[in-house]
Amino acid sequence: MGLIKSLWDIYYFHRHHESTPAPDDWPPDGSLHFIKCTEEAQSRVPAPCIQYEFFSNIGEDDRRIIPLSMEIMKRFCGSRQVLTRIYSSEEPSKKEKHWPECFPVRYRRFLEHIGASFSIDAPNERTLLLLETGFNPAAFWASQDISTVDGCFFDFYVLSESLCFSDAKSAAEIVASGQYDVWFDLSEWGPCALYVTLNPKTVDVTALQEIVAAVCKEHNILFQNPPGF
């Protein structure tokens, strides 16, 4: 996926999670948890938000988290407006005369070709914004299936029910100011996890954890938070 992305992954995901030996009373291998992130991570989250992680209790590369996260986000979002931000990891080389198109460009063209009914905005060739009602994983799965020179980061912002947006650009401006209920950050490069930054004033974290637990149970996966969490 490129040297730049590899270096970014090493830097970015180390901030979220550091591997340490599991205590004797830690939940068993193969189990998953949903807990508040470290104090260090909280220091980078704008008030009044709090960050949580949906992660493996032991090990870091549990790929089951990806499809489970898709189901969790779909159930939580319901019919609320969701802004999807897709950001390419690759920066076109100035030495290349014909640099291959990155995924945001190719997917934008595809959406325009089929006449997608939701709002699309492309601030630049590396970024694509999609404003839809409800959570739609189509763009994420397309990035897995389409052969491109780049990899992409996906951010899903659940917007406040008290606000209604008609276009992705306006929604992105509000999100940039920190006005969202939940930010789902799906990490598939490096430690596989779903990072959830939420506004505790507008989001019931207990209800969200119940969704996480229900999805895990339906897939016969043990959901168990470590002692003290």
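Using the alpha-carbon positions of the chain, Rg (one decimal) and Dmax (whole number) come out as 18.0, 58 Å. Over all directions, the projected convex hull of the C-alpha atoms in the range 167-220 averages 5.5 nm² in area. Peptides 142-155, 201-214 ranked from most to least packed by the mean count of surrounding Cβ atoms within 10 Å: 142-155, 201-214. Just to confirm the number: angle between the C-alpha axis of helix 103-114 and the first principal axis of the chain, 0 to 90 degrees, nearest 10? Tilt of helix 103-114: around 70 degrees.
At the listed q of 0.21 Å⁻¹, the Debye profile of the range 80-192, built from one uniform point per Cα, gives log10 I(q)/I(0) equal to -1.19.
Taking 0.890 mPa s as the viscosity and 25 °C as the temperature, the Stokes-Einstein diffusion coefficient of the range 132-229 based on its alpha-carbon Kirkwood radius rounds to 154 µm²/s. Quick one: with all protein chains in place, what share of the accessible area of the chain is carbon or sulfur, to the nearest percent (1.4 Å probe)? Of all accessible area on the chain, carbon and sulfur atoms account for 53 percent.
Overall, the ratio between the Cα radius of gyration of the range 105-153 and 2.2 N^0.38 Å, rounded to two decimals, is 1.11. With the whole protein complex present, Arg75 retains an accessible surface near 90 Å², based on a 1.4 Å probe. When you restrict to C-alpha pairs under 8 Å that are six or more residues apart and normalise by the size of the range 136-225, the relative contact order lands at 20 percent. Helical content alone sets the calculated 222 nm signal of the chain at -9500 deg cm²/dmol, taking -39,500 (n - 2.57) per DSSP H segment of four or more residues and averaging over every residue.
Full extension of the segment from Glu40 to Glu173, taken as 0.36 nm per residue of separation minus the current Cα-Cα distance, would add 45.2 nm.
Extension gain for Thr202 to Trp141 (0.36 nm times residue separation, less C-alpha to C-alpha distance): 19.0 nm. Restricting the calculation to Cα atoms, the range 47-145 yields a radius of gyration followed by a Dmax of 16.2, 47 Å.
The smallest convex shape that holds all Cα atoms of the range 141-181, its convex hull, gives 106 Å³ per residue.
Think of each Lys and Arg Cβ as +1 and each Asp and Glu Cβ as -1; about the Cα centre, that makes the dipole of the range 167-209 roughly 100 debye. Dipole check for the range 68-168: with +1 at the C-beta of Lys and Arg, -1 at the C-beta of Asp and Glu, and the Cα centre as origin, the magnitude is about 80 Debye.
Stretched out straight at 0.36 nm per residue, the stretch from Ser166 to Glu218 would grow longer than its current Cα-Cα span by 15.2 nm.
Remark: relative contact order (the range 34-94) = 23 percent; criterion is Cα-Cα distance under 8 angstrom and separation of 6 or more residues.
The values are calculated or read from the model by the stated rules, or taken from the named source; none is laboratory data. This is a predicted model, so every value here is computed, not measured. In this analysis, Cβ positions are derived from the backbone assuming ideal geometry, glycine residues included, and neighbour counts consider all displayed protein chains. The accessibility values were calculated without ligands, DNA or RNA, using every heavy atom of the protein model including side chains. Shrake-Rupley method; radii C 1.70, N 1.55, O 1.52, S 1.80 Å.
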